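Worksheet: the structure to be examined is printed underneath.
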Amino acid sequence: MAAESEVGGVTWRSPCPVSSGLDVLGDKWSLLIVRDLFIHGTRTYSEFREAPEHVATNILANRLRLLTSLGIIERTDPDGVARNNAYRLTPRGEALRPVLEELGKWAQDNLKAHHAEMVNIL
């Protein structure tokens, strides 16, 4: 197995595409940021903080930087202050829509019995 390497702020653990995707999106916060942008469109830092999952400020700032550096999201005012900026999906981020939709369908089909309050959001 190849040694870990860091490129673009990500430590790539393997050349496997599934592993590489998980290196970026494998934490719950990154996908929840993308989810919020699918549902609500452009969002500010403060609006992300209001999500029901209550992401910590340091984690949110880190994930926004990572997703921006990889071209998954972008700031609406690239020259503005990050905390006062809004974020939106790029075409690369929009390409995640079918992934999240399928994950949501899978959860509805396979986890609803264990989580009766689950709702369909996408």
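Numbers at a glance
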| item | result |
| --- | --- |
| Candidate values [x] 12, 27, 17, 10, 9, 8, 7, 5, 4, 1, 0; [y] 14, 53, 31, 2; [z] 12, 41, 34, 13, 1, label of the one derived for P(r) over Cα pairs in 10 Å bins from 0, in percent | [z] |
| Order of D27, D109, D36 under a 10 Å beta carbon neighbour criterion, fewest first | D109, D27, D36 |
| Residue with peak Gaussian network fluctuation, the chain [Cα springs, cutoff 10 Å], from E50, E94, E74 | E50 |
| Cα-centre dipole for the chain with unit charges at Cβ (Lys and Arg positive, Asp and Glu negative), debye to 20 | 60 debye |
| R0 of 41 Å, Cβ-Cβ distance V81-L22: FRET efficiency to nearest 0.05 | 0.85 |
| Difference of contour (0.36 nm per residue) and Cα-Cα distance, A107 to V119 | 3.3 nm |
| Contour excess over end-to-end distance, with Cα ends at V99 and S14 and 0.36 nm allotted per residue | 28.5 nm |
| Gaussian network model of the chain, Cα within-10 Å springs - most flexible of S19, S69, S30 | S19 |
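All of the numbers you see were taken from the coordinates with simple rules; none came from a lab. Remember, it's a predicted structure, so these values are computed and weren't measured experimentally. When we count neighbours, we look across all protein chains shown, and the Cβ atoms used for this are built from the backbone with ideal geometry, even at glycine.
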